[in-house]
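Heads up: the structure comes next, in structure tokens.
Coordinate-derived values only; no laboratory data. Note that the coordinates shown come from a computational prediction; the quantities given were computed from them, not determined experimentally. For neighbour counting, all protein chains shown are included, and Cβ atoms are generated from backbone atoms with ideal geometry for every residue, glycine included.
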């Protein structure tokens, strides 16, 4: 057993305690026992996708604008709203690089030729809205009815249903996003097959999910935000995920790292549980330049469908 009696320490809406095990063949973490497909919806009763991000305080207002300003300064991402900071002052943002999450999806979307995009498991539509700002023609699929309502209220075209609805769109999309969804589904291989089928030849799929070999996980243990029991049913290693994508016919073109994807939230979880992990966090940040794909906190894959 890898972790015993893990609770829903992030959203605190799913009762009970859960156990994670390590697969002896592929080293993935998996929940056992786990909720069934019929019961899993109860674990999403109070989830972050049920509403649009609200600028309910000056702090949230400022964080959003500062983050978008950092994206423009570092990655050329023209997202709004942002602060009216002149370009000569961008070097002042340098100390924030260790705290502002690198926008893997948005960086890649900004480099690709614009076309038709589907976000599978789009939640409240945040990534769709950003993709639309970057010039994509966007659509989403989401199984949670409350999240669908929030996305539609923002004027986004979102279908309600599981990834199986991709069968309606064979060969239709230039780009597919599957952002922190694979770890939530009971049949991840079925999802990967559906993604491949829905892409045009030469199309791109962008995959993100937690990494069971994360260096953050090794530092924070069962406080790791990437566990999220009982919603995260199985969490593969980067090596295993790459191999699974290749078996489904994808060409893996890139695997950008995300050194700190869960660190801040993991520290909050530890603090709630009476644990002080600030020393561990300082040691982690000192290794930022040497974190490779295998140790990345998130698995980020840029996948290409073959032309044949």
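Taking one quarter of the surface of the C-alpha convex hull of segment 55-100 gives a mean projected area of 3.2 nm².
When only Cα pairs below 8 angstrom with a gap of at least 6 residues are kept, the chain shows a relative contact order of 18 percent. Applying 0.36 nm per residue to the separation of residue 304 and residue 75 and subtracting their alpha-carbon distance, the gain on full extension is 80.2 nm. Centroid-to-centroid, using Cα positions, segment 228-250 and segment 112-177 are 21 Å apart. Over segment 163-226, the ratio between the Cα radius of gyration and 2.2 N^0.38 Å evaluates to 1.37. Above 29 Å lies some portion of the pair distances; for segment 76-231, what is it as a whole percent of all C-alpha pairs? Here the tail beyond 29 Å accounts for 26 percent of pairs.
Put simply, the convex hull of the Cα atoms in segment 220-308 casts, on average, a shadow of 6.8 nm². Taking a quarter of the surface of the Cα convex hull of segment 79-135 gives a mean projected area of 5.2 nm².
Given R0 = 25 Å, the distance between the Cβ atoms of residue 87 and residue 290 translates into a calculated FRET efficiency of 0.20. Dividing the C-alpha radius of gyration of the chain by 2.2 N^0.38 Å, with N its residue count, gives 0.98.
Here the spin labels are modelled as points 7 Å beyond Cα on the Cα-Cβ line, and at residue 101 and residue 4 they lie 3.2 nm apart. Volume of the convex hull of segment 19-116 (Cα atoms only), normalised per residue: 228 Å³. The GNM of the chain, with springs linking C-alpha atoms under 10 angstrom apart, assigns the highest mean-square fluctuation among 144, 78, 222 to 78.
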